1. Identify, by number, the condition in (1) more than 23 Å from Ile40 (Cβ to Cβ); (2) in a helix (DSSP H, G or I) that Met269 doesn't meet.
2. Need the failing condition index for Asp145 against (1) of a type outside the set (Ser, Thr, Tyr); (2) modelled with pLDDT of 90 or more; (3) outside any helix (DSSP H, G or I); (4) in contact with a Phe, Trp or Tyr (Cβ under 9 Å, 6 or more places away or on another chain), just the number.
3. Being basic (Lys, Arg) and touching a helix residue (DSSP H, G or I) at 6+ places or on another chain (Cβ under 6 Å) is the requirement here; does Lys28 meet it?
4. Quick check on Ala177: is it more than 30 Å from Pro51 (Cβ to Cβ), at pLDDT below 75 and among the small types (Gly, Ala, Ser)?
Amino acid sequence: MPAVARLRPNDFFSPEEWAGLSARSSWKGLALVIHCWGVIALAVALGVWIPWLIPLSVMVIGTRQLGLAILMHEAAHAGLHPNLKVNDWVGHWLCAVPIGASLSAYRPYHLSHHKYAQQVEDPDLPLSAPFPVTRASLRRKIIRDLTGQTFFKQRIAPFFVRVPPDEDLPEGARVTARSAAPFLLVNGAMLAGAILAGVWWAYFALWLLPLATWFPMVTRLRNIAEHACVENSEIDPLRQARTTHAAWWERAFIAPYWVNFHAEHHIFMHLPCWSLKRAHRLLAEKGVTEAMEVAPGYGAVLAEASGR
């Protein structure tokens, strides 16, 4: 099938509005990376200091691991820094590698997703095509995520056996296996740091456990919210993805760094992530969001996705 249709920014924004929205920054992307690691560090410290708060720390850290994936995604669009070498180094070593991903492998895969969004050539189509499902099916998927089964299937099993593709293992998960050596190197350094600090167990309880449980779960919720059950998404450029309004607690535990404004990202895929909320507000003022897929919250999306 041909590539999806693209819309022109000047059909929606004045030159001044678009210049403000699309401007790259030499510090905002880097500040987000620092913020992400700062939140992780504080959550680790909290779990070490008050062990009975480890479940809360696991949720916070798992969401910020998703935050690292989101910032890797930003780097794939060259949005973290105007200097491409800085953009790619930060996006790869500080965002992708710690969570077992590879920016160089992810970028062509992800740009293909944008080129063929919701069409048969879209490599992310297996993430949204099965929906809606039954509540029991969605519950089983979430249980697999929170018990580490999804992590094992995506990150461990491919090294030993050939895992057949299904909705839980799209091509996007397979490319992470290419960064095994850097992942082990960086995570080995993190474990060594925990040992030197006298809290060896913190690496397992406050980094590896979130990576194996909460991170896969919120990644699934993100994927469902972005593209599942969006009518006419394969033909309407305004409906290639869904934007989901997120309360403060949803931004803290499910959708960091404006990832919930996914419709705007697909319409104008080179906008920096920090501009997406403002773009949504401007589009709403112009009445454009009435033609877009916009959900009031993640609960509403999950209710629709499990309504079969």
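1. Condition not satisfied by Met269: (2).
2. (3)
3. On the way: basic (Lys, Arg): yes; touching a helix residue (DSSP H, G or I) at 6+ places or on another chain (Cβ under 6 Å): yes.
Judged against the criteria, Lys28 is a match.
4. On the way: more than 30 Å from Pro51 (Cβ to Cβ): yes; at pLDDT below 75: yes; among the small types (Gly, Ala, Ser): yes.
Yes.
The values are calculated or read from the model by the stated rules, or taken from the named source; none is laboratory data. Predicted model only: the values in this text are computed from it and were never measured. So basically every Cβ, Gly included, is an ideal-geometry build from the backbone, and we count neighbours across all protein chains shown.
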